Amino acid sequence: MPSTPSSYRETLDYLYSRLPMFQKVGSAAFKYDLSNIAQFCDLLGNPQDQYPSIHIAGTNGKGSSSHMLAAILQAAGYKVGLYTSPHLKSFTERIKVNGQEIAKAQVVKFVQANQARIESKLPSFFEITVAMAFQHFAQEKVDIAVIEVGLGGRLDATNIITPEVGLITNISYDHQQFLGDTLELIAGEKAGIMKPNIPIVIGERQPETTAVFEQKSQEVQASLFFAQDDYAAQWVDVARGTIQINHQQKALLPPFEMSLKGGYQEKNVAGVLKVIELLQQKESAKIPWDIRKEHIVEGLKDAANLTQLKGRWQILQQSPFTVCDTAHNEAGLSQVIAQLKHLTYQQLHIVLGTVNDKKLDKILPLFPSEATYYFCAPKIPRALTADKLQAQASQYNLRGEVFASVNQAYQQAQTQASAEDVVFVGGSTFVVAEIEGL
């Protein structure tokens, strides 16, 4: 057995080198059943069963929705665990209680205490982080945990929980090599989080996926709700982030300014509010849920601060106006690029990088040909090299230079941009993660 790590750095090195990590190596890290995580958590005493939870899946919007739900619950006075992935800057971002990241010492302690089990079971990197989160939330005695699915749903390591309510945000194309190459197949994998007698919310009605969700909910006898049937969130001023929320076509709340300002957030809000409504109706919960309108407003106004969310239409500076976003698939990027078109500028500068398993023929046509591009690659094995990205982009009349790192590309964009220009950084979560000072 390898030597026991004694410091935080040694612990991370052990986890990264010993266990397969999807973000770095791709398919080699993907597990095709839940037995490993179930057995590992059983050895821990099944901490995931010691508190209520909310389970969130979807192609886009699940991270933002997770943070908004956690923020609303925090605003209502509850102690809230939040598990999300991947992280941007620090491993500890994945596991938070009321916005406070797990202590580095706790990460070390968990690995030291469980190293023999890790060596015996050889779980994936993701399975270990999920188990670590479950135990941390139990030790912290959270009132509730918001758990974001990593990939898919049916076979995701988080899917051993029995939540109070589930949410599936939307379905679009991503990770087709695991989830299928049609929206119906992808929806089937996401629908795998449905469980008997647990209400499930679908954030968006989509013609290709509605029947899939209806059939699965009937199979497992889960109450199914489409959030858009009851709630509608509309931007009053998308630039300022001012939103109007209606319930059954009547104003629920006066317009207010959201902290998460991406134009796509209006789609996520409906699902979040339906989950809150169903949570309040749950009789099986260990504690009563008292979540009022003022808590919803406070949570949505201050979600980024309450949960320390980064990378979702995050404004980095005003002159030149610089924004980054972690959107990385066709549906997500189309929303982000649509919002870029709402901005006023003389020239648009785009710092762009991606990973090597994305379907560029679906992504690159979305980008404007009149922008100036700065091609780069994040420092992970799955990265698509900057010169290959440049070559592919040129087929769609996207022109620009190649840079040796994300930050070289970013700095050059800042140097070339005038005060009246706009700089956008994106294409991959891992590109955004490398921005200095984020």
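Each reported figure results from applying straightforward, stated rules to the coordinates on display, with no laboratory input. Everything quoted here is computed from the prediction, not taken from an experiment. Backbone-built Cβ (ideal geometry, glycine too); neighbour counts: all protein chains shown.
General observations
- Helical contribution to [θ] at 222 nm, DSSP H n ≥ 4, -39,500 (n - 2.57), averaged over the chain, rounded to 500: -11000 deg cm²/dmol
- DSSP bridge orientation in the stretch 292-438 - percent antiparallel, rounded to nearest 5: 25
- For the chain, relative contact order (Cα pairs under 8 Å, six or more residues apart, normalised by length) works out to 16 percent.
- Selection of GluC sites (Glu not before Pro), the stretch 266-354, meeting DSSP coil and at most 11 other Cβ within 10 Å: Glu283
- For the stretch 363-433, GluC sites (Glu not before Pro) meeting the loop criterion (DSSP other than H, G, I, E, B) and having at most 13 other Cβ atoms within 10 Å: Glu370, Glu420.
- Fraction of C-alpha pairs exceeding 43 angstrom in the chain: 10 percent, rounded to a whole number.
- FRET efficiency estimate (nearest 0.05) - Cβ-Cβ, Leu185 to Leu122, R0 30 angstrom: 0.55
- Annotation note: GluC sites (Glu not before Pro) in the stretch 187-218 located in DSSP loop regions with a Cβ neighbour count of at most 16 within 10 Å are Glu208.
- Pair-distance profile P(r), taking every C-alpha pair of the stretch 173-331, with 10 angstrom steps and integer %: 9, 31, 34, 22, 3, 0
- The chain: antiparallel DSSP beta bridges as a percent of all, rounded to 5: 40
- Computed Kirkwood radius, in angstrom, where 1/r is averaged over Cα pairs of the stretch 278-362: 16.6
- Rounded to 0.05, the FRET efficiency of the Glu294 and Thr385 pair, given R0 = 56 Å and the Cβ-Cβ distance, is 0.65.
- Evaluated at q = 0.11, 0.12, 0.18 Å⁻¹: base-10 log I(q)/I(0), Debye formula over Cα of the stretch 314-433: -0.30, -0.36, -0.85
- What you get for the chain, charging only the Cβ of Lys and Arg (+1) and of Asp and Glu (-1), is a dipole of about 580 debye around the Cα centre.
- Positive-end extreme of charge dipole, the chain - chosen from Gly152, Pro52, Tyr345 (charges on Cβ): Pro52
- Evaluated at q = 0.23, 0.25, 0.26 Å⁻¹: base-10 log I(q)/I(0), Debye formula over Cα of the stretch 125-172: -0.94, -1.07, -1.13
- Cβ-derived FRET efficiency at R0 41 Å, Gln411 paired with Ala113, nearest 0.05: 0.45
- Scalar couplings 3J(HN,Hα) for the stretch 189-200, obtained by applying the Karplus form with A = 6.51, B = -1.76, C = 1.60 to θ = phi - 60°, are 5, 5, 5, x, 7, 5, 9, x, 6, 9, x, 10 Hz; x denotes Gly and Pro.
- Applying D = kT/(6 pi eta Rh) to the stretch 42-185, where Rh is the Kirkwood radius over alpha-carbon pairs, T corresponds to 37 °C and eta to 0.692 mPa s, the Stokes-Einstein value obtained is 209 µm²/s.
- Spin-label model, Arg9 to Glu214: label points 7 Å out along the Cα-to-beta-carbon direction sit 5.9 nm apart.
- Signed unit charges on C-beta, dipole axis of the stretch 314-433, positive-most listed residue Val422, Gln318, Gly332: Gly332
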